[in-house]
Amino acid sequence: MATRSLLRRTRTKLAVAATALCGGVAAAAVVSSDDPAKTIKLCTTVPVRLFRNSVTAASIAFDYQYSLLGLPEESSEKERIKREVHLRSAKKLQELCFKNKGIYIKLGQHVGQLEYLVPEEYVRTMRESMLNKCPTSSYEQVREVFNKELGETPEQMFKEFDPVPIASASLAQVHVARTHDDQKVAVKVQHIHMTDSAIIDHATVELIVNAVHWFFPSVDYRWLLAEMKESLPKEINFLVEAKNSEIVIDNFRKQSPHIADYVYAPKVYWNLSTPKLLIMEFIDGPQVDDVKAIKKLGIRPEEVAKLVSQAFAEMIFKHGFVHVDPHAANLLVRPLPSSRGNLLGKKKPQLVLLDHGLYKELDVATRFHYASLWKGLIFSDAKAIRENSVKLGAGEDLYTLFAGVLTMRPWKRVIDPAADHLVINGSDSERAELQMYASEHFPQISELLRRLPRVIVMMLKTNDCLRSVNNALLNGSSLELFLITGRVSSEALIQAKKLQKKSLLSWLDIWWEELLLEARLFGMKVALWLMQFRNTLTL
């Protein structure tokens, strides 16, 4: 009786909140819409979505409260039951995202990329379903978008147009077409009414996130709402995405010319593109995690992993303009067009960046402290880790946890002077240890995410995506990738100091710092060679 009463009260509270929210959200959507008549029709779905959200939130909250009630703290039984509830709740959230579509899919994708920051059951469930199995728009809906944006049908616009999409994501889907001058292109079409439904969807997502925080104060993901509110208007304007794709490549040409040829973004057909239609050069290549296909191209996965690490280190520490959605579906690999292969037939890789809707800019001060933090992590400098973690917002009480979240290593390993102190071997036992660490510190991780600036939280997400990519390519991480991070972060700091200091003494100080950096990196390379030699002997 008590449990039924609890569930009834929970649903009632959420229903009242949903009803209060419904009218205001609908009115705001109609006022801001460029097609009020269709938006009014769309708003009729609001009560359904809000009711669905309320039931899902109540069901999840009740499951946690009832299933864990009375179980001893720190007991193995409670841990087992909690994991079962995590999995049930993740599947409920997955079902809600698929039913509501739109930015709910985007929310699920965000959750799926927060490895070790949210329970593993949520990450696995969302990652398996949200990246490659998103709902698609019908061809009639695609034609409607074309007519509204360009006044023509796809058949009129192109010599050929495949009505079956090759990929579908939360906000859009991609078709293959051929222009009248016989150029093969990728056509990104926004799902219909996405702009109009964004206001409604955001408000209803806000309800469920706030409800979870209401029942579980230690679980605070309201920062995710704020991030989505800021980024979504940019993501649903494909002209912003097109501009981002040109900026990132221009940054490599100007600031990182040594690897500019190795990083590519598809050419944009500006004369055919609109805020809801993006026409790009079609690039043929496997996803970055498709190791078998990459090897068939004559490319070594280790070289791809190094290129990915180098490219994103340059973006983060030197450019300050970062692609923050680098999951495997957004990274393609192909042979470098100018590469003919070495004596063994191996070719150099080129990294192709897709989906440029979500970028973050790091201001000079943030970039300096973040680079200093990573330099400290690579070289086991506890003082630098603490100072820069605090400056980035982690606080004196959570800086060791911040270091652990960034590296997925316990503090004693983070400050271990061994060259390979940050290397993750990817074994099942090590993965289980990491998951247990995340589970034990979940409330503190939630508090850490609340404290940190959103741009740093997005760097954590980017870091997790890249870790997942490297794990697929190498079945773990490698010392060589950390050497790349150490070098690029240190070079960025030296560049910043050169811009600030002009005296002879300061230049000598910088020269000494450069010399010391090379000596440290050489020592780590020697350690790497010795480990590789030892591994060869044990084969």
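The values are calculated or read from the model by the stated rules, or taken from the named source; none is laboratory data. The shown structure was predicted, so the numbers you read here are calculated from the model rather than taken from an experiment. Positions of Cβ are backbone-derived with ideal geometry, glycine not excepted, and every protein chain shown enters the neighbour counts. Heavy atoms of the whole protein, side chains included, go into the accessibility calculation; ligands, DNA and RNA do not. Shrake-Rupley method; radii C 1.70, N 1.55, O 1.52, S 1.80 Å.
Looking only at segment 445-463, filter to residues that are modelled with pLDDT of 85 or more and polar (S, T, N, Q); which one of those is farthest from residue 374 (Cα to Cα)?
My answer is 462.
Are any residues in segment 368-399 part of a helix (DSSP H, G or I) and among the hydroxyl-bearing types (Ser, Thr, Tyr), and if so, which ones?
If we filter segment 368-399 for residues that are part of a helix (DSSP H, G or I), which is where we start, we get 368-378, 382-391, 399.
Within segment 368-399, 370, 372, 389, 399 qualify.
Restricting the search to segment 362-407, which residues are touching a His at 6+ places or on another chain (Cβ under 7 Å) and open to solvent by less than 30 Å² (accessible area, probe 1.4 Å)? Step through it out loud before you land on a result.
So the first thing to find is which residues in segment 362-407 are touching a His at 6+ places or on another chain (Cβ under 7 Å), and the list is 380, 388, 391-392, 401.
Residues satisfying the conditions are 380, 388, 392, 401.
Which residues, counting only those in segment 442-460, are part of a helix (DSSP H, G or I) and open to solvent by 10 Å² or more (accessible area, probe 1.4 Å)?
First pass over segment 442-460, keeping only residues part of a helix (DSSP H, G or I): 442-451, 454-460.
Matches in segment 442-460: 442, 443, 444, 447, 450, 451, 454, 455.
Considering only residues that are under 30 Å from residue 193 (Cα atoms) and open to solvent by less than 80 Å² (accessible area, probe 1.4 Å), which ones fall in segment 62-101? Outline the logic, then answer.
Restricting attention to segment 62-101, the residues satisfying the condition of being under 30 Å from residue 193 (Cα atoms) are 89-101.
Those that are under 30 Å from residue 193 (Cα atoms) and open to solvent by less than 80 Å² (accessible area, probe 1.4 Å): 89, 90, 92, 93, 94, 96, 97, 98, 100.
Can you give me the number of residues within segment 475-510 that are open to solvent by 40 Å² or more (accessible area, probe 1.4 Å) and in contact with an Asp or Glu (Cβ under 7 Å, 6 or more places away or on another chain)?
0
Scan segment 481-508 and report the pairs whose first residue is without any contact (Cβ under 8 Å) to a residue 12 or more places away in the chain and whose second residue is open to solvent by less than 50 Å² (accessible area, probe 1.4 Å) and among the hydrophobic types (A, V, I, L, M, F, W, C), with Cβ atoms within less than 9 Å and a gap of 6+ or a chain change.
501/510
Can you tell me which residue in segment 319-347 is modelled with the lowest pLDDT, limited to those that are of a type in the set (D, E, K, R) and in contact with a strand residue (DSSP E or B) (Cβ under 7 Å, 6 or more places away or on another chain)?
Of everything passing the filter in segment 319-347, 347 is modelled with the lowest pLDDT.
If we scan segment 118-132, do we find a residue that is more than 26 Å from residue 448 (Cβ to Cβ) and assigned to a helix (DSSP H, G or I)?
yes
Collect the residues in segment 41-73 that are among the hydroxyl-bearing types (Ser, Thr, Tyr), over 16 Å from residue 94 (Cα atoms) and either at pLDDT 80 or above or touching a Cys at 6+ places or on another chain (Cβ under 7 Å) (or both), keeping them in residue-number order.
64, 66, 67
Taking into account only those residues within segment 153-179 that are outside any strand (DSSP E or B) and open to solvent by 70 Å² or more (accessible area, probe 1.4 Å), which is farthest from residue 100 (Cα to Cα)?
Checked segment 153-179; the qualifying residue farthest from residue 100 (Cα to Cα) is 159.
Only residues in segment 514-539 that are modelled with pLDDT of 70 or more count as the first member; pair them with residues that are part of a helix (DSSP H, G or I) and of a type in the set (Gly, Ala, Ser), Cβ under 8 angstrom, at least 6 apart or cross-chain, and list the lot.
Taking only residues 6 or more apart or on different chains, the pairs are 517/490; 520/486; 521/486; 524/486.
Are any residues in segment 62-81 assigned to a helix (DSSP H, G or I) and either of a type in the set (Ser, Thr, Tyr) or touching a residue at least 40 places away in the same chain (Cβ under 8 Å) (or both), and if so, which ones?
62, 64, 65, 66, 67, 76, 79
Note down all Cβ pairs under 6 Å where the first residue falls in segment 408-426 and is within 21 Å of residue 471 (Cα to Cα), the second is open to solvent by 40 Å² or more (accessible area, probe 1.4 Å) and charged (D, E, K, R), and they're at least six residues apart or on different chains.
Listed pairs, sorted by first residue: 421/413.
Are there any pairs with C-beta distances below 8 angstrom linking a residue in segment 450-464 that is more than 11 Å from residue 322 (Cβ to Cβ) to a residue that is hydroxyl-bearing (Ser, Thr, Tyr) and not in a helix (DSSP H, G or I), with the two at least 6 apart or on different chains, and if so which?
464/116
Please determine, by comparing only the residues of segment 125-143 that are over 17 Å from residue 324 (Cβ atoms) and modelled with pLDDT under 85, which one is surrounded by the fewest Cβ atoms within 10 Å (Cβ to Cβ).
So, considering only residues that are over 17 Å from residue 324 (Cβ atoms) and modelled with pLDDT under 85, the one surrounded by the fewest Cβ atoms within 10 Å (Cβ to Cβ) is 133.
Test residue 351 against the criterion of being in contact with a helix residue (DSSP H, G or I) (Cβ under 6 Å, 6 or more places away or on another chain), modelled with pLDDT of 95 or more and more than 27 Å from residue 119 (Cβ to Cβ), and give yes or no.
yes
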